[in-house]
Amino acid sequence: MKRRTFLNLAIVSGLAGTASALLYPVLRYLLPPEEAEAEPETVKAGPEKDFAPGSSKILKFGRKPVIVIRDLAGGFHALSATCTHLDCIVQYRKDRDLVWCACHNGNYDLSGKNVSGPPPRPLDRFEVKLVGSEVTVLRAA
Amino acid sequence: MSALKDAALSWLEERLPLRSAMEFASHKRVPVHRGDVFYYAGGVCMFLFLLQVATGILLLMYYRVGSDASYESVRYISAKVPFGWLMRSVHSWGANLMVLFIFIHMFSVYFMKAFRKPRELTWLTGCGLLGLAMALGFSGYLLPWNELAFFATKVGTDILGQVPLVGHWLLRLVRGGDEVTGATLSRFFGLHVAVLPALTALGIGAHLLLVQVQGMAHEHEARRTMPFFPDFLVRDVALWLLVLNLVGVLAVFFPWEVGRKADALGSAPAGIKPEWYFLAQYQFLKLLPGRVGMVPGELLGIVALNGVGVWWLLTPFWDAAVPERRRDAVVRWAGLGAITLLTVMTVWGHLS
Ligand code: FES
């Protein structure tokens, strides 16, 4: 190897080493630490009388929003409220008795199945139980 | 008095080559022709950027960042601070007009074919500046922390999450976590007031330097020219004043609303839409079905949109590859096609 080639190589690798030694901590700094997700098994949604048929409520299940729906026939449903398309929060449409996402007009039925519009996947389902007169949402088994 | 002025001037002259700069400026000429009104569009973009910097600094005096402070501080600026509503409205309208004028400038450069050799780098820096302006618009949009901003940011950043392999990583980098929260707000704030403006200022510097080095396109074909200084500059400044008035009128008669505060447990409101300069992409994403064969629709859409962007960015290079006699026609039709598509999708997105 020529002396010049060797020196060039040494300089370039030295610079590359310095650059990565500087960049690595910066990149790691920019990525926030992963938070351990608090994973509750159940969440209370409130007394049954608060849910008139054709109404809904969004609550936090751990860090995720969950929508609890009482349909027009009086049945309860709980679904992940995060649209599977691009992350908007869905809403219950009483007039059509289905779940609707306003962002790009996505529709799901009350079992969470994506029925029309851009959503690619169904909404995750949760279980609803009445404990006494308290509506309780449980992680689906 | 004039003795004093002379003394001051010669003191300066000994330290700064003022006279040669003036001498240099006096030789710069601008071609005069039918399309020359479009030469002013670029200057207007720069003027609007300066206006954004000025009103942005003023807004910083009261703005506070945080999911429990941002919305409240913007309300305070709009409702309590004397002329606060004006500063905020001018900043919002200025941003929209800046993007609009960048589009006008870009398309006029395109149709005048001023991107051709040796001006490829000017085109590329210009495209970079458009990207920066859109990033400034997107990051600034979140800062009032209202409902619309919250969902616009959720959707916009979720798109990043769709990128294969590094998507999740990118998403966390931009959001400062898995969800759009106060951490996202802090990041966007930093980007909006420090990183992006600094990059934009550098970009404008490079862009102007390139324009200066290469001179105006078609300068030699033009039969008439006018001196840049003072003739062209005076017209420039007169137009800037007009634009300032336009921004003022818009800000006074159509003040920007503060909206409802973002709520992580609120549904996206009916009729939610992005800013007009994202409407075409938005409409396109809305049209795609959930899946196309095996691939998720939105991934396909994002790939297609990026493809179009890259094709536009590379205009000077594919243009050079087209046989000479067909080149002008190809450029014209491609440009008209792009404008038509953009307009149709934007209007459709607005109406639907
Ligand atoms: S985010 Fe729900 S339809 Fe696009």
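The values are calculated or read from the model by the stated rules, or taken from the named source; none is laboratory data. Every value quoted in this text rests on a predicted model; they were computed, and no experiment measured them. For neighbour counting, all protein chains shown are included, and Cβ atoms are generated from backbone atoms with ideal geometry for every residue, glycine included. Areas reflect the complete protein model, heavy atoms only, side chains present, ligands, DNA and RNA absent. Shrake-Rupley method; radii C 1.70, N 1.55, O 1.52, S 1.80 Å.
List every residue pair whose Cβ atoms lie under 8 Å apart, where the two residues are 6 or more positions apart in sequence or sit on different chains, the first residue falls within the stretch B:287-300 and is at the interface with chain A (Cβ under 8 Å from one of its Cβ atoms) and crowded, with 16+ Cβ neighbours inside 10 Å, and the second residue, located anywhere, is in a helix (DSSP H, G or I) and among the charged types (D, E, K, R).
Short answer, once both residue conditions are applied: B:Leu288/B:Glu298.
When the residues of the stretch B:204-225 are narrowed to those that are of a type in the set (A, V, I, L, M) and exposed (fewer than 14 other Cβ atoms within 10 Å of the Cβ), which ends up nearest to the chain's Cα centre (by Cα)?
Looking at residues that are of a type in the set (A, V, I, L, M) and exposed (fewer than 14 other Cβ atoms within 10 Å of the Cβ), I get B:Leu209.
So A:Arg28 clears everything in (1) under 29 Å from B:Leu171 (Cβ atoms); (2) in the same structural domain as A:Tyr108 (by TED's automatic domain parsing) except one condition, right? Which one?
It fails just one condition, (2).
Only one residue in B:Leu246, B:Leu279, B:Leu336 is assigned to a helix (DSSP H, G or I), under 30 Å from B:Ile77 (Cβ atoms) and more than 14 Å from chain A (Cβ to nearest Cβ). Which one?
B:Leu246 is the lone residue from the list that is assigned to a helix (DSSP H, G or I), under 30 Å from B:Ile77 (Cβ atoms) and more than 14 Å from chain A (Cβ to nearest Cβ).
Got a number for residues in the stretch A:82-141 being of a type in the set (Asp, Glu) and either buried (at least 19 other Cβ atoms within 10 Å of the Cβ) or near the ligand (Cβ under 10 Å from one of its atoms) (or both)?
Residues meeting the conditions: 1.
Of the residues B:Ser10, B:Ser26, only one is closer than 12 Å to B:Phe232 by Cα and among the hydroxyl-bearing types (Ser, Thr, Tyr); which?
Only one candidate passes the filter, namely B:Ser26.
Kindly evaluate A:Thr84 against the criterion of being hydroxyl-bearing (Ser, Thr, Tyr) and over 30 Å from B:Ser352 (Cβ atoms).
It is false that A:Thr84 is hydroxyl-bearing (Ser, Thr, Tyr) and over 30 Å from B:Ser352 (Cβ atoms).
I'd like to verify a number: residues in the stretch B:156-201 that are open to solvent by 30 Å² or more (accessible area, probe 1.4 Å) and outside any helix (DSSP H, G or I), how many?
8
Take the stretch B:42-73 and flag every residue that is part of a helix (DSSP H, G or I) and either of a type outside the set (A, V, I, L, M, F, W, C) or out of contact with any helix residue (DSSP H, G or I) (no Cβ under 7 Å at 6 or more places or on another chain) (or both).
Correct list: B:Gly42, B:Gly43, B:Leu50, B:Gln52, B:Ala54, B:Thr55, B:Gly56, B:Ile57, B:Ser70, B:Tyr71, B:Glu72, B:Ser73.
Which members of the stretch B:56-87 meet the condition of being in contact with a strand residue (DSSP E or B) (Cβ under 9 Å, 6 or more places away or on another chain) and β-branched (Val, Ile, Thr)?
B:Val74 - this is the single residue of the stretch B:56-87 that is in contact with a strand residue (DSSP E or B) (Cβ under 9 Å, 6 or more places away or on another chain) and β-branched (Val, Ile, Thr).
Among the listed residues B:Ala238, B:Ala264, which satisfies the condition of being within 30 Å of B:Lys154 (Cβ to Cβ), among the aliphatic types (A, V, I, L, M) and surrounded by fewer than 18 Cβ atoms within 10 Å (Cβ to Cβ)?
So the residue among B:Ala238, B:Ala264 that is within 30 Å of B:Lys154 (Cβ to Cβ), among the aliphatic types (A, V, I, L, M) and surrounded by fewer than 18 Cβ atoms within 10 Å (Cβ to Cβ) is B:Ala264.
Return the total of residues in the stretch B:287-311 being away from the ligand (no atom under 16 Å from the Cβ) and either within 23 Å of B:Gly335 (Cβ to Cβ) or part of a helix (DSSP H, G or I) (or both).
Looking only at that region, the number is 8.
Could you tell me whether B:Arg119 is over 19 Å from the mean Cα position of the chain (by Cα), open to solvent by 20 Å² or more (accessible area, probe 1.4 Å) and within 11 Å of chain A (Cβ to nearest Cβ)?
So B:Arg119 does not fit the description; no.
I'd like to check something: does the stretch B:312-329 contain any residue that is at negative phi and within 16 Å of the ligand (Cβ to nearest atom)?
No.
Would you mind finding the one in A:Gly62, A:Gly54 that is away from the ligand (no atom under 16 Å from the Cβ), touching a Pro at 6+ places or on another chain (Cβ under 9 Å) and in the same structural domain as A:Leu123 (by TED's automatic domain parsing)?
A:Gly62
Select the strands (runs of 3 or more DSSP E) contained entirely in the stretch A:5-120, then report the ones holding at least 1 residues which are more than 12 Å from every other protein chain (Cβ to nearest Cβ).
In the stretch A:5-120, A:42-47, A:55-61, A:64-70, A:76-80, A:98-101 are the strands (runs of 3 or more DSSP E) which contain 1 or more residues that are more than 12 Å from every other protein chain (Cβ to nearest Cβ).
In the stretch B:1-48, how many residues are among the hydroxyl-bearing types (Ser, Thr, Tyr) and farther than 18 Å from B:Ile102 by Cβ?
Count: 4.
Just one of B:Val331, B:Val308, B:Val347 is open to solvent by 60 Å² or more (accessible area, probe 1.4 Å), within 17 Å of B:Trp123 (Cα to Cα) and not charged (D, E, K, R); which is it?
B:Val308
If I ask for residues that are among the β-branched types (Val, Ile, Thr) and either touching a Phe, Trp or Tyr at 6+ places or on another chain (Cβ under 6 Å) or modelled with pLDDT of 90 or more (or both), which ones from the stretch B:1-58 would you list?
Selection gives B:Val30, B:Val44, B:Val53, B:Thr55, B:Ile57.
Test each condition in (1) surrounded by fewer than 21 Cβ atoms within 10 Å (Cβ to Cβ); (2) more than 16 Å from the ligand (Cβ to nearest atom) for A:Ala78 and report the one that comes out false.
Checking A:Ala78 against (1) surrounded by fewer than 21 Cβ atoms within 10 Å (Cβ to Cβ); (2) more than 16 Å from the ligand (Cβ to nearest atom), the one that fails is (1).
Please give the number of the condition A:Glu34 fails out of (1) charged (D, E, K, R); (2) touching a strand residue (DSSP E or B) at 6+ places or on another chain (Cβ under 9 Å); (3) loosely packed, with under 10 Cβ neighbours inside 10 Å.
With (1) charged (D, E, K, R); (2) touching a strand residue (DSSP E or B) at 6+ places or on another chain (Cβ under 9 Å); (3) loosely packed, with under 10 Cβ neighbours inside 10 Å applied to A:Glu34, the lone miss is (2).
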